[in-house]
Amino acid sequence: MNEQDKQNRYISASEVIAMTGTSSAVLRSMENAGKFPARKKLSARTVRWWLPDVLAWVKNPEGWTSQSAA
């Protein structure tokens, strides 16, 4: 797996929490307010976040905007 393949993947809630240092409740609140990337429903019981979106938020949390809002 090359470096780009490692970056283009979905990550779990535990990975998002570890990367951001926030709780799941705070993530949900920011997500609902459009201040954090939206989770993607992959199956009936599985949600994940797109890693490039989360990395963009980590790089600039205050300046991050949703691609759908841009």
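The values are calculated or read from the model by the stated rules, or taken from the named source; none is laboratory data. Just so we're clear, the structure is a prediction, and the values are computed from it rather than from any experiment. All Cβ positions, even for glycine, are placed from backbone atoms using ideal geometry, and neighbour counts span all protein chains on display. Protein only, heavy atoms only, side chains kept; ligands, DNA and RNA dropped before computing areas. Shrake-Rupley method; radii C 1.70, N 1.55, O 1.52, S 1.80 Å.
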The answer for the chain, accessible area per residue at 1.4 Å probe in Å², is 70
Just the number, please: carbon plus sulfur as a percent of the accessible area of the chain, 1.4 Å probe, no ligands or DNA/RNA counted. 50
By the scheme Lys and Arg +1, Asp and Glu -1, what is the net charge of all other residues having a beta-carbon under 14 Å from that of residue 64? -1
Across the alpha-carbon set of the chain, Rg over Rh with Rh taken as the Kirkwood radius works out to 0.95
Where Lys and Arg each count +1 and Asp and Glu each count -1, what net charge lies around residue 50 among other residues with Cβ under 10 Å from its Cβ? +3
